[in-house]
Every structure is written in C-alpha cells, then in structure tokens.
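S.K.: Sharing a structure below in structure tokens format, with a few things to ask.
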Amino acid sequence: RRVRGAMFETQRSLVKDTGRTRNTASGNLMGTELGRERYTRSSPMNCPKQCYAMVGLPARGKSYIAHRLARYLNWIGTKSKVFNVGSYRRELVGVNMPCDYYDPSNAEGAQSRRMVANHVLDTIVDWFKEDENCVAILDATNTTRERRDLILERCSPEGIQVMFIESVLDDTLIEESNIRDHKIRCPDYQGCEPDAAFKDFSERIQNYKKAYETLCLNLDREFSFIRVSNITQFHINNLASTVQSKSAYFLMNIRPHTKTTLYLSRHGESLFNEQAKIGGDTNLTDNGIRYAKKLGKFLQENNLTEVPVWTSIMKRTIETCSHLPNQKRAEVQMFERDRRWEK
C-alpha cells in the first residue's frame with residue numbers, strides 16, 4: 001500500500017473535490033465516471049490534439065489495432081475515435097471497386113482515393129473542434145510517403161500532432177487467414193463467391209505493394225512512429241507525449257493476429273454454498289465433485305487436454321480442477337475481497 005501510495009502521490013494534489021478533502025489516488029478512481037472526469041481534467045494525459053495514422057498493407061491487422069487502441073484510450077479518459085477510410089470510400093465512391101482501382105498507375109483511381117483521403121482529414125479536423133476530443137485514429141493503408149506527407153500538411157497547421165503506427169506482416173499463412181476470415185466478408189464483397197473475393201483482394205494487396213514505402217529511420221527520423229513487425233518486434237521513434245507513450249506500451253501487449261479461446265468455469269458446489277454462506281475456504285460437496293468430474297470429461301471429449309489451467313488458491317477451485325486431464329495448472333493468489341483497503 002505504501003508503494004501504491006507513493007506512485008500516485010504526485011497525482012493526489014491534482015484530484016479536486018468540491019466541499020471536502022479526499023485522500024484517494026486518481027488511479028483508483030478511473031473505473032468510475034467521476035474518476036474519469038477528474039483524471040481527464042487534471043492528468044498530464046490531458047494532451048494536445050493528436051492523429052494516429054495507421055500504415056501498412058491490407059490484411060495486416062490495422063483495423064484491429066486501431067479499434068483496440070481507441071477502446072483503451074477512451075477507457076483511460078482520453079476521448080478517441082477511429083476514422084476508417086474504407087467506410088468513407090464506400091459512401092463517397094461506392095462498393096465493389098475492382099482491384100485495379102488501387103493500382104498506383106491508375107491515375108483516375110489515385111485521384112479518387114486522394115479525394116476520399118482529403119475528405120476524411122477534413123472530417124478529423126472538424127471533429128477536433130468539439131470539446132475534449134483528443135486522439136483521432138486514421139484507419140487506412142497510408143503506404144506512400146506522399147500520402148503521409150498529405151496527412152502532416154493537413155494536420156500540422158491545425159495544431160494536431162501526428163504519429164504513424166505501421167503494422168508489418170511477412171507470414172503468408174496469417175495473411176491468407178485474415179483475408180478469408182475478415183476481408184472477403186466486408187461490404188465490398190457482398191454476394192461474391194469466397195474464392196473470387198479472395199483472389200480479388202489478393203490482387204488488391206499486390207497493387208498496394210507496387211508503391212509501398214515502409215517507415216524507416218533514414219528517411220523518417222523526425223516523425224513520431226511505432227513500427228510493429230510480425231507481432232513480436234517493435235520499433236519506437238520520437239514519441240512526443242505521454243499519451244503516445246501509453247499507446248506504445250499498450251500496443252506491445254496485444255496480439256492482433258492471434259486467436260485465443262478462453263473457457264471460464266465456476267467452481268463446484270462447496271460446503272458453504274450448501275449452507276448458503278458466502279466466502280470462506282471450504283471443500284467441495286458430493287455435488288461439487290460430480291461437477292468437477294464432468295468438467296474433466298468435457299475437456300477430454302473436446303480434445304482440450306493441453307490447454308493451461310488457471311485457478312485461485314482456494315480449496316474449492318483447486319479441487320474443481322483435480323479431475324482435469326491437464327496438469328499445467330497455475331495457482332493465482334486471487335482473494336474474494338481484501339477488506340484492508342476499506343480502512
């Protein structure tokens with residue numbers, strides 16, 4: 001508790017309370033509306049206007065990263081919004097655009113795509129005129145330096161800081177999975193056969209590759225950017241604010257191309273459950289043991305014998321897992337409630 005108090009000591013003076021003094025760290029308040037309001041007003045994360053511009057070829061997890069990041073930033077009190085250029089393009093130009101629309105040698109297509117980009121940038125600038133809006137996330141490919149210069153030229157005069165977030169992926173199997181699982185189901189391919197949609201989208205990617213210019217220190221050293229390569233490697237350059245540092249830390253802890261299934265189970269009936277008592281650390285009843293055996297049978301029948309299992313240190317949870325086929329169990333010290341914090 002002393003360590004936790006020291007961590008937030010510098011923020012306590014920033015938390016204002018009308019009519020009374022409250023000795024509570026701002027970090028403990030963030031889960032409430034009041035806490036988010038105070039945190040936004042007083043925290044150093046009450047940052048200047050910023051635009052995060054995604055960079056990368058299609059099917060690289062950019063939209064996933066953008067929406068996860070926006071949700072995180074809103075949760076910590078930094079008002080954010082994702083602006084998906086593909087959605088605006090469908091509204092302004094139409095759906096079912098042929099793959100050669102994205103060919104850099106197609107002058108008409110390039111002019112159309114630039115028009116859409118300018119429209120989205122204007123929309124972002126107008127959005128920042130509303131109170132308390134902090135971070136706009138531009139969800140687009142932005143694969144050329146010319147396009148990234150366009151973003152800087154539009155945002156800088158408006159006092160909007162720009163940070164680029166590039167997602168690079170070299171694994172063709174993951175790319176194919178992303179296309180089949182997500183891209184061929186987008187509005188551009190409604191009513192289209194899956195194989196035909198896959199072929200068209202793959203050709204769209206090849207057209208983007210013709211003009212793709214990745215971020216690098218030699219040419220982009222003066223810009224703020226985060227480059228995520230194959231999920232595991234991160235190149236972070238010239239971050240300009242606290243919220244950008246928070247964003248970088250968050251990005252280093254998400255896995256946009258990893259599918260994970262999480263199974264949640266209650267413990268079996270305990271002796272205190274049978275007596276209608278809450279809490280405690282008792283063993284399972286006969287009904288609880290039957291449940292534990294059925295839970296183990298469920299994992300066995302569904303070929304889930306190698307999944308890691310997490311439990312608390314309570315007897316009822318350990319006994320519930322005692323009949324599981326998997327021995328990879330981690331005990332986590334999770335107590336029902338630590339009442340010392342109420343003092």
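S.K.: Do any of Lys62/Lys297; Lys277/Lys297; Lys129/Lys210 go past 31 Å between their Cα atoms, and which?
M.R.: On the way: Lys62/Lys297 40 Å; Lys277/Lys297 29 Å; Lys129/Lys210 37 Å.
Too far apart for the 31 Å limit: Lys62/Lys297; Lys129/Lys210.
S.K.: Averaged per residue, what accessible surface does region 92-192 expose to a 1.4 Å probe, in Å²?
M.R.: On the way: 4940 Å² over 101 residues.
Value returned for region 92-192: 49 Å² of accessible area per residue.
S.K.: Sticking with this structure for a sec: Leaving out ligands and nucleic acids, and using a 1.4 Å probe, what accessible area per residue does region 229-318 come to in Å²? Show your work: numbers first, answer last.
M.R.: Numbers: 5990 Å² over 90 residues.
Dividing the accessible area of region 229-318 by its residue count gives 67 Å².
S.K.: Tell me which residues come under 5 Å, amide H to amide H, from Glu166 once H is placed; ignore anything under 5 positions away on its chain.
M.R.: Here Val55, Ile226, Arg227, Val228 satisfy the definition.
S.K.: So, with a 1.4 angstrom probe, what is the percent of accessible area on region 133-195 that is carbon and sulfur? Display every interim value, and only then the final one.
M.R.: Details: 1360 of 2930 Å².
Carbon with sulfur: 46 percent of the solvent-accessible area.
S.K.: Sticking with the crude label model, points 7 Å out along Cα→Cβ, report the distance from Gln275 to Asn302 in nm, one decimal please.
M.R.: Going from the Gln275 label point to the Asn302 one covers 3.4 nm.
S.K.: Among 84-95, 223-234, how do they line up from the highest to the lowest mean number of other beta-carbon atoms within 10 Å? Mind showing how you got there, number by number?
M.R.: On the way: 84-95: 15.3, 223-234: 16.9.
Output ranking for 84-95, 223-234: 223-234, 84-95.
S.K.: Right, here's the next one. Projected onto the charge dipole of region 237-305 (+1 at Lys/Arg Cβ, -1 at Asp/Glu Cβ, origin at the Cα centre), which of Gly280, Leu299, Ser241 gives the Cα projection farthest towards the positive end?
M.R.: Ser241
The values are calculated or read from the model by the stated rules, or taken from the named source; none is laboratory data. These figures come from a predicted structure and were not determined experimentally. Positions of Cβ are generated from backbone atoms using ideal geometry, with glycine treated the same way; all protein chains shown enter the neighbour counts. Side chains included, ligands, DNA and RNA excluded: accessible areas come from the protein's heavy atoms. Shrake-Rupley method; radii C 1.70, N 1.55, O 1.52, S 1.80 Å.
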